[in-house]
Amino acid sequence: VTPMEPETPVDHVWNDELDLEPTFIDDVWLEGLTRFPAALTFPISRPDGGWRQEDWPSTAQEIELQVTGFAGYGASSVVFDVTGPKGEKLVIKTARREWSFRSYIRELPPSLSRDKCQEPDRLHRKLERLIGDPMLDQIVGTYSDLYRSIVYNLHDWPAFDQIKWDSQEATQVMSFGVRAPGTISKLGRLASYPGIRPETVAWAKQTVDLLEGIKIDPVFRPEILLENPLYIWGGAILEKYFPDDTTNVSSRVRSRLTAQPDELETFVAQALALARLLNQFQSPGAESFREFCEATCDGL
Amino acid sequence: VVKFYGNKLTANVCIAVCSSTNAVSISSARMMNAFRSHVRQQSRLLALARRGAKEQFCLNSESRQFIRNRLAVLQPPTLHSPAVAHFFRISWVCESLRLHVEQTFAARFRMKQWDAFISHASEDKDVVVDLAEALRGAGLKIWLDQQELRLGDSLREKIDEGLADSRFGIVVLSPSFLAKQWPKRELNGLMAVEESGRKVILPVWHKIDRETLLAYSPILADRLASDTGRGIPSVAADIIQVIIDPRSGSPAVESPSLARRFIEFLNSAPETDAIRKFLSAQAAIGERAVDGTLSHCAAQLGQTILDLCFLRIEGTTGTHKWLIVQLDSPSQHPFPNRSEAAASIRQKVADLEALRRWVSTNIQTARETIDQFNPSFLGFVVAGRRSMLAPGDVDVLRRYNEELFGITLRTYDWLVEAAVSLS
């Protein structure tokens with residue numbers, strides 16, 4: 001994709017809104033997250049902030065910690081009280097965005113817990129309930145970042161109808177991306193965010209109208225993206241669930257896809273377009289998402 | 001002329017002022033006996049006045065009228081001779097009596113601060129802390145600090161110290177308690193302690209039986225007591241029953257705390273509309289529970305009526321976190337068939353899920369009703385009481401909550417605990 005004109009100056013108020021959009025945090029569930037054995041690989045600080053790296057392996061290794069309580073959360077972090085291997089009282093500071101999906105579905109990813117014997121059936125059941133849930137666009141960090149990048153680029157570029165794409169496929173993929181529910185709802189929130197300049201609000205509303213008017217390949221049908229099992233389970237893969245179980249997950253999702261023959265082509269097309277978009281915007285996890293989609297759609 | 005002095009003890013004395021100056025000698029003991037019954041008669045009025053003053057900063061018209069009516073029918077103490085009656089009317093005698101009554105009965109008749117203190121051996125601290133928590137959970141004011149008994153303490157002094165500010169004294173009788181080797185006189189006298197003719201000591205047996213106790217004090221052994229062997233909740237229930245008896249004169253009855261009033265309100269099986277009004281008027285309860293500020297009450301968003309909507313502004317970013325509390329009946333068992341939540345609860349959960357979806361796709365419309373609203377809210381559905389839940393139900397509740405997204409089912413005890421912490 002090639003921008004037609006140099007980037008316009010960034011509208012900081014507008015940009016801040018996208019940055020500060022509230023991440024979902026369920027502190028009620030977090031408060032109940034006590035005494036789970038965590039396996040962590042990053043430097044640890046004492047509660048007073050003093051570093052004691054000399055006590056820990058210099059290379060990244062798993063350190064067994066016992067979470068004893070939820071200490072609180074801030075703009076960018078979620079903090080837990082923990083007990084170290086020698087019974088030390090410590091705190092761990094984790095990225096807030098990582099807790100959005102897991103606190104929404106109330107499930108720890110296997111990467112965080114030493115309890116590998118989690119209940120996959122329960123997790124699959126919860127993911128089934130996520131079908132059609134518009135929160136998915138916000139709680140999966142990678143999806144949220146993707147839509148944020150699309151909106152950001154739409155703002156920096158000239159009017160959408162002046163953009164030229166480098167291939168027919170890119171045109172289709174980007175048309176799907178800008179019409180995805182996540183992009184539209186981000187623009188909707190931008191248009192109603194307090195303190196935003198009137199011209200930015202007008203831009204957001206105008207862009208929504210413009211996007212709704214563009215032609216899109218009927219196979220994509222972005223309005224049913226949230227019904228797409230590949231999108232739902234792909235979100236879980238991006239959030240580091242099922243690290244060692246992708247074959248089973250693929251087979252499970254495949255059976256869901258084949259149960260909906262009318263939407264099958266659309267679901268597959270959406271997933272491949274999404275994989276392309278994630279790759280285009282260099283999203284972390286893009287490769288694992290692509291592999292999951294390819295493994296699931298293989299032979300369909 | 002009758003004067004009522006609000007919450008002071010002087011309210012107990014009706015001062016009859018008369019112009020007569022005839023002086024007749026009278027035994028002060030006889031005079032005081034007459035006044036003692038008079039003072040008792042009016043102690044209820046004193047409590048009413050206190051309650052009125054506490055809740056509304058002045059007596060409302062209903063309370064004032066009630067007090068006027070009661071005062072109208074109250075007769076001055078009946079004295080034996082016309083001369084004495086005449087003497088009673090003399091103002092200076094009345095005034096001196098007022099002072100005398102104030103000094104003599106002030107400590108005894110003034111409103112106690114605590115419903116009960118718990119006197120216990122320091123070795124029994126664990127069980128006593130649990131008992132105190134159970135009693136506080138019922139909205140009672142329990143004094144625990146400095147009531148640990150150690151070797152060398154005087155039992156009677158400790159009891160008197162506790163009773164100075166508490167209506168009842170709960171004494172935990174255990175092997176550790178008896179090992180303090182209290183003088184037999186103090187042990188036997190313990191149960192005889194009373195105040196204005198009312199028993200004040202509530203014995204609790206802990207890891208002790210009647211035969212063991214008999215060896216120390218037959219009087220103690222014969223007194224009805226609650227036994228921790230039946231479980232702390234059972235002991236607490238026995239004690240609560242005594243303390244909240246309308247005739248007990250305890251602060252929980254005469255001047256109930258917010259928590260106590262909330263519990264009594266819930267016990268009256270109110271409609272959810274009434275609960276919403278109560279919690280709206282007493283916003284601090286919900287605010288303490290959710291750690292937010294009450295923002296909207298009965299607001300409509302989409303098809304959903306939000307019973308109570310709280311706002312928490314995150315300090316570091318200034319972003320808005322919304323917390324919605326939906327009320328179901330306190331008499332509704334959350335899991336009537338032991339596996340599935342009650343239909344009304346499932347409906348409220350479904351309403352909140354639908355609301356989240358509606359707000360996600362209609363954010364501008366939502367923000368026209370509630371400024372800066374967003375779909376990342378946390379929802380709470382409140383139903384039933386913890387006492388309804390069998391041990392297995394607690395697991396069912398935990399599993400049910402584990403399956404919800406951003407919504408938590410709570411019993412009303414969650415709000416009661418918030419009210420207790422405020423009290």
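What the Cα convex hull of segment B:270-327 gives, in volume per residue, is 73 Å³. In plain terms, the C-alpha convex hull of segment B:267-423 casts an average shadow of 9.6 nm² when viewed from every direction. By the count of other C-beta atoms within 10 Å, a proxy for reagent exposure, B:Ser329, A:Ser167, A:Ser103 are ordered fewest to most as A:Ser167, B:Ser329, A:Ser103.
The alpha carbon convex hull volume per residue for segment A:80-154 rounds to 109 Å³. If you take the alpha carbon atoms of segment B:243-348 and fit the smallest convex hull around them, that volume is 151 Å³ per residue. Summarised in one figure, the compactness ratio Rg/Rh of segment B:159-199, Cα atoms and Kirkwood Rh, is 0.98. Dipole orientation for segment A:178-228: of the candidates A:Leu226, A:Ile184, A:Gly195, A:Gly195 has the Cα lying most toward the positive pole (charges on Cβ; Lys, Arg +1; Asp, Glu -1). When B:Asp395, B:Asp351, A:Asp121 are sorted by how many other C-beta atoms sit within 10 angstrom of their C-beta, beginning with the fewest, the order is A:Asp121, B:Asp395, B:Asp351. Would you work out the Kirkwood radius for segment B:370-421? I mean one over the mean of 1/r across all pairs of different Cα atoms, in Å. By the Kirkwood definition, the hydrodynamic radius is 12.6 Å. In whole angstrom, segment A:201-274 maps to an equivalent ellipsoid with semi-axes of 29, 17, 8, each derived as √(5λ) from the alpha carbon gyration tensor and ordered largest first.
Give me the percent relative contact order of segment B:225-370, please, defined on Cα pairs under 8 angstrom at least 6 residues apart. Could you put the intermediate results ahead of the total?
Details: 132 pairs, mean separation 21.0, N = 146.
RCO, segment B:225-370: 14 percent.
Around the Cα centre of segment B:255-328, unit charges on the Cβ atoms of Lys, Arg, Asp and Glu (plus for the first two, minus for the last two) sum to a dipole of about 180 debye.
Between B:Pro336, B:Val381, B:Ser360, the Cα set farthest toward the positive side of the dipole of segment B:291-392 (charges on each charged residue's Cβ, about the Cα centre) is that of B:Pro336. Across the options B:Gln181, B:Pro270, B:Pro256, the greatest Cα extent toward the positive end of the charge dipole of segment B:145-273 (unit charges at beta carbon of Lys, Arg, Asp, Glu) belongs to B:Gln181.
Can you give me the Kirkwood hydrodynamic radius for segment B:228-301, using every pair of distinct Cα atoms, in Å to one decimal?
On the way: mean 1/r = 0.0681 Å⁻¹.
Hydrodynamic radius (Kirkwood, Cα pairs) of segment B:228-301 is 14.7 Å.
The ranking of B:Phe262, A:Phe36 from fewest to most other beta carbons within 10 Å of each one's beta carbon is A:Phe36, B:Phe262.
Here the dipole of segment A:119-232 is about 280 debye; that uses its Cα centre as origin and unit charges on the Cβ of Lys and Arg (positive) and Asp and Glu (negative).
No value in this document is a laboratory result; all are computed from the given coordinates. Values in this document were obtained by computation on a predicted structure and should not be read as measured data. Every residue, glycine as well, gets a Cβ built from its backbone with ideal geometry; the counts of neighbours run over all protein chains shown.
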